[in-house]
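Have a look at the structure below before the remarks.
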Amino acid sequence: MGMKFFIHPPLGNLSGELRLNVEAIRIADSLGIDGFVLPDHYMSPRSNDTLEAWVTLAHLAAVTSHIMLGTLVTPIPLRPPQLLAKIVSTVDVLSEGRSLLGVGAGWWKEEFEAYSKWDNPKVRVEKVDEGVALIKRLWTESKVDFEGKHYRAKGAVLLPSPCRSLILLSCSEEKALKCWSWRENTLIFASSAKKSRKNSWPLKMK
């Protein structure tokens with residue numbers, strides 16, 4: 001895989017930026033830019049006036065034809081993984097195979113306390129591991145029974161299946177890559193804590 005170019009709008013999924021994001025993604029799509037990614041936050045230190053990221057990406061899919069659409073990143077422990085699997089699969093079907101699920105463990109405590117549950121870093125990493133394993137099974141198997149430490153599913157069926165299932169892993173420490181058992185067949189974009197965001201490194205693993 002060669003180098004890919006993605007746009008990450010500076011104001012992300014703030015509600016007042018929708019028109020600008022629509023204009024930007026239309027231009028990017030026409031120029032052949034590879035992807036467009038939004039942050040996935042309901043609340044953040046910058047602002048709580050946000051649009052739901054995946055609903056916004058579905059809207060952007062309707063005004064584009066080629067560009068990939070995803071998140072940088074979705075905090076997996078924030079939502080039930082079955083629900084997230086269905087949401088992303090729907091965006092993938094609507095966009096004809098252009099969705100990209102950016103994966104992270106979450107960091108904004110206030111957001112989790114408002115919408116989910118805030119756990120220590122070890123538990124959040126465990127939830128990412130389990131959650132993505134469950135999501136990938138829901139995307140690829142006809143019926144899923146899953147019994148994990150944090151998540152369970154019995155007879156779960158997800159249809160229609162996504163056209164393709166692409167996952168982007170984001171983590172702040174290179175050693176964290178070793179914690180996730182599902183990283184095969186996953187595109188990894190990680191920022192080393194010893195480097196600035198400007199020097200983030202991408203890694204494709206097969």
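Bear in mind these aren't lab numbers, they're just calculated from the coordinates by the rules spelled out. Since this is a predicted model, take the numbers as computed values, not measurements. Methodologically, a virtual Cβ is constructed for each residue, glycine included, from the backbone with ideal geometry; neighbour enumeration extends over all protein chains shown.
Considering only segment 134-158, state which residues are closer than 13 Å to LEU84 by Cβ and of a type outside the set (Lys, Arg).
The answer is LEU134, ILE135, LEU138, TRP139, TYR151, ALA153, ALA156, LEU158.
I'd like to verify a number: residues in segment 45-97 that are touching a residue at least 40 places away in the same chain (Cβ under 8 Å), more than 18 Å from ILE25 (Cα to Cα) and among the polar types (S, T, N, Q), how many?
Result for segment 45-97: 2.
Assuming LYS122 fulfils every condition listed in (1) more than 23 Å from PRO9 (Cβ to Cβ); (2) touching a helix residue (DSSP H, G or I) at 6+ places or on another chain (Cβ under 7 Å); (3) in a helix (DSSP H, G or I) apart from one, which condition is it?
Evaluating LYS122 over (1) more than 23 Å from PRO9 (Cβ to Cβ); (2) touching a helix residue (DSSP H, G or I) at 6+ places or on another chain (Cβ under 7 Å); (3) in a helix (DSSP H, G or I) leaves (2) as the failure.
For the subset of segment 86-103 comprising residues that are small (Gly, Ala, Ser) and crowded, with 17+ Cβ neighbours inside 10 Å, which member is nearest to ASN13 (Cα to Cα)?
Step by step, filter segment 86-103, then rank; the result is GLY102.
Looking for whichever is under 16 Å from the mean Cα position of the chain (by Cα) and surrounded by fewer than 16 Cβ atoms within 10 Å (Cβ to Cβ) here; the options are LEU83, LEU60, LEU51, LEU72. Which one fits?
None of the other options fit; the residue is LEU83.
Look at segment 125-152 and say how many of its residues are part of a strand (DSSP E or B) and either small (Gly, Ala, Ser) or surrounded by 14 or more Cβ atoms within 10 Å (Cβ to Cβ) (or both).
2
Would you mind finding the one in LEU14, LEU38 that is touching a strand residue (DSSP E or B) at 6+ places or on another chain (Cβ under 9 Å) and either within 15 Å of GLY102 (Cα to Cα) or among the polar types (S, T, N, Q) (or both)?
Going through LEU14, LEU38 in turn, the sole match is LEU38.
Which numbered condition trips up GLY106, out of (1) free of Cβ contacts under 8 Å to residues at least 12 places away in the same chain; (2) crowded, with 19+ Cβ neighbours inside 10 Å?
Against the list (1) free of Cβ contacts under 8 Å to residues at least 12 places away in the same chain; (2) crowded, with 19+ Cβ neighbours inside 10 Å, GLY106 comes up short only on (1).
Out of everything in segment 12-24 that is among the hydrophobic types (A, V, I, L, M, F, W, C) and either surrounded by 14 or more Cβ atoms within 10 Å (Cβ to Cβ) or touching a residue at least 24 places away in the same chain (Cβ under 8 Å) (or both), what residue ends up being farthest from TRP54 (Cα to Cα)?
ALA24
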